[in-house]
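Visitor: Dropping the structure in here first, questions after.
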Amino acid sequence: MLSLRSVHFDNRIPNWRTNLMLLNHNVLVLIIDGKVKYTINDRTVVGEKGELLFIPVNSLRAGENYDGEHQKFTVLFNHDEEDSEELPIFRQSQFCKCKIRNFEYFKHRFEKLYLEVVGDGKFTRYFVNGILQELVGMAAREFELVEVTPVKLKLANELQKYLVAHYRQPIHIDELAALIHRSSNYTISMFREVMGISPIQYIHLLRMKEACNLLTNSDLSVTEISNYLGYYDHSYFFRIFKKYTSMSPTEYKHSGSSPPSLQLF
């Protein structure tokens, strides 16, 4: 289980520097602006705007401003053996850096985590745990995508945009394949390689996210929401909703729950 140690926002601090130390936690860094120079196990690394850095526990790390001041979010956290089994970044225990795709979304989630921690509001622990898991999961996916070819990334992004725009409509794999001029089998395997789920699973995620929103913030009945999202077999909608939220739509509506952090990006 992931456990948060602290969250920091460095906002253009003059002469910023952190001394060389052996880390007893993991560090996840998002560079918002400027550049940062790190020394990690005798290796010099420069992080730039839009880059995500993962520095694993037991690393020797020092850091300082590079070519002026910078802005960044830094998340310090620990993980357990179960996390190591599920996420390669923990098993490999190596420094990672990459240019992320959805910078604005990452920035929003880091900022939300920081505000929850410093605000210490009601139910903070639940928000913090959910956002931390989401960030680490997204980071793990981004680092794996470094190995994915640019062509596959481009095709998957085309399909993702199409699905986001048409998720309420009936979607067939052959029409997605035609959209990118590939076979149906290639389309499914390529999308799963890049996104971690199949195109159909992605559609269900989009629909469930909207279903949670409508159940919480509208007066629509469960049947009306089911129809709106393209589930004309209402029993099927109930089964899918319970699969993704562990509650029936009716239970969710009466619970007053916040929409879950389903991974859509």
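The values are calculated or read from the model by the stated rules, or taken from the named source; none is laboratory data. For clarity, every value in this text was computed on a predicted model and none was experimentally measured. Positions of Cβ are backbone-derived with ideal geometry, glycine not excepted, and every protein chain shown enters the neighbour counts. Areas reflect the complete protein model, heavy atoms only, side chains present, ligands, DNA and RNA absent. Shrake-Rupley method; radii C 1.70, N 1.55, O 1.52, S 1.80 Å.
Visitor: Evaluate the relative contact order of the chain (contact order divided by residue number), counting alpha-carbon pairs under 8 angstrom at least 6 apart; express in whole percent. Write out the running numbers ahead of the final one.
Guide: Numbers: 390 pairs, mean separation 40.3, N = 265.
Taking the mean separation of contacting Cα pairs over the length of the chain, I get 15 percent.
Visitor: At a 10 angstrom cut-off on C-beta neighbours, averaged per residue, how do the peptides 199-209, 177-187 rank from highest to lowest? Can you show the working numbers first?
Guide: Working: 199-209: 19.4, 177-187: 14.4.
Descending mean neighbour count gives 199-209, 177-187.
Visitor: Report, to the nearest whole %, how much of the accessible area of the stretch 3-145 belongs to carbon and sulfur atoms, 1.4 Å probe, protein only. Working shown, then result.
Guide: Details: 3270 of 7350 Å².
Roughly 44 percent of what the probe reaches on the stretch 3-145 is carbon or sulfur.
Visitor: In percent, what relative contact order does the stretch 150-196 have, based on Cα pairs under 8 Å that are 6 or more apart in sequence?
Guide: Numbers: 22 pairs, mean separation 21.5, N = 47.
It comes to 46 percent, rounded to a whole number.
Visitor: Follow-up question, since we're still on this one. Pairs of lysines 8 or more apart, or on different chains, with alpha carbons under 17 Å: count those in the stretch 3-145, would you?
Guide: Lysine pairs satisfying the spacing and distance rule in the stretch 3-145 number 20.
Visitor: Let me ask another. Under 1.5 on a/c is rounded, so check that first for the stretch 122-255, then, if it is not, pick prolate when a/b is larger than b/c and oblate when it is not; a ≥ b ≥ c are the square roots of the alpha carbon gyration tensor eigenvalues.
Guide: Numbers: a/c = 2.72, a/b = 1.31, b/c = 2.08.
Oblate is the answer for the stretch 122-255, as a/c is 1.5 or above yet b/c matches or exceeds a/b.
Visitor: Express the accessible area of the stretch 3-145 per residue in Å², computed with a 1.4 Å probe while the remaining protein chains stay in the model. Show your work: numbers first, answer last.
Guide: Details: 7350 Å² over 143 residues.
Spelled out: the 1.4 Å probe surface of the stretch 3-145, per residue, equals 51 Å².
Visitor: Can you give the FRET efficiency to the nearest 0.05 for TYR228 and GLU82, using r as the Cβ-Cβ distance and R₀ = 35 Å?
Guide: Working: r = 38 Å, r/R0 = 1.09.
After rounding to 0.05, the efficiency reads 0.40.
Visitor: Another question, if that's okay. Checking the a/c ratio against 1.5 first, then a/b against b/c, what shape does the Cα gyration tensor give for the stretch 128-178? Numbers along the way, then the final one.
Guide: Working: a/c = 3.72, a/b = 1.47, b/c = 2.52.
Verdict is oblate for the stretch 128-178.
Visitor: Suppose every Lys and Arg Cβ carries +1 and every Asp and Glu Cβ carries -1, with no other charges. What dipole size does the chain come out with about its Cα centre, to the nearest 20 debye?
Guide: On the way: 31 positive and 31 negative charges, 57 e Å.
Value, rounded to 20: 280 debye.
Visitor: Continuing with this model, one more query. Taking a ≥ b ≥ c as the square roots of the eigenvalues of the Cα gyration tensor of the chain, is the shape rounded (a/c under 1.5), prolate (a/b larger than b/c) or oblate?
Guide: It is prolate, given that a/c is not under 1.5 and a/b is the larger ratio.
Visitor: What spacing in nm lies between the two simple spin-label points modelled at THR149 and ARG5, each 7 Å away from Cα in the Cβ direction?
Guide: Those two pseudo-labels are separated by 4.0 nm.
Visitor: Same structure again: Quickly estimate the mean residue ellipticity at 222 nm for the chain, helices only: each DSSP H run with n ≥ 4 gives -39500 (n - 2.57), and the total goes over all residues, rounded to 500. Write down the numbers at each step before the final one.
Guide: Values: 11 runs with 132 residues, N = 265.
Computed ellipticity for the chain at 222 nm equals -15500 deg cm²/dmol.
Visitor: Then there's this: Just to be sure I understand the model, the point goes 7 Å from the Cα along the line to the Cβ. What's the resulting LYS49 to LYS243 distance in nm?
Guide: Each label point lies 7 Å from its Cα, and together they span 4.3 nm.
Visitor: Mean separation of Cα pairs under 8 Å and 6+ residues apart, divided by the residue count of the stretch 201-255: what relative contact order is that in percent?
Guide: 32
Visitor: Taking the Cα of ASN217, stepping 7 Å toward and past its beta carbon, and measuring to each backbone N in the stretch 153-171: which are under 13 Å?
Guide: In the stretch 153-171, the label zone of ASN217 (backbone N under 13 Å from the point 7 Å along Cα→Cβ) covers no residue.
Visitor: For the pair HIS254 and ASN41, how long in nm is the line joining their label points, each one 7 Å along Cα→Cβ?
Guide: In this crude label model, HIS254 to ASN41 measures out at 5.4 nm.
Visitor: Which one, VAL46, LEU87, PHE106, projects farthest toward the positive side of the charge dipole computed for the stretch 3-145 from Cβ point charges (K/R +1, D/E -1)?
Guide: Positive-end residue among those listed: VAL46.
Visitor: Let me ask something additional. Counting other Cβ atoms within 10 Å, keep those with at most 14, restrict to DSSP loop, and tell me which chymotrypsin sites (Phe, Trp or Tyr not before Pro) in the stretch 1-58 are left. Display every interim value, and only then the final one.
Guide: Details: sites: PHE9, TRP16, TYR38, PHE54; in loops: TRP16.
Answer by residue number: there is no such site.
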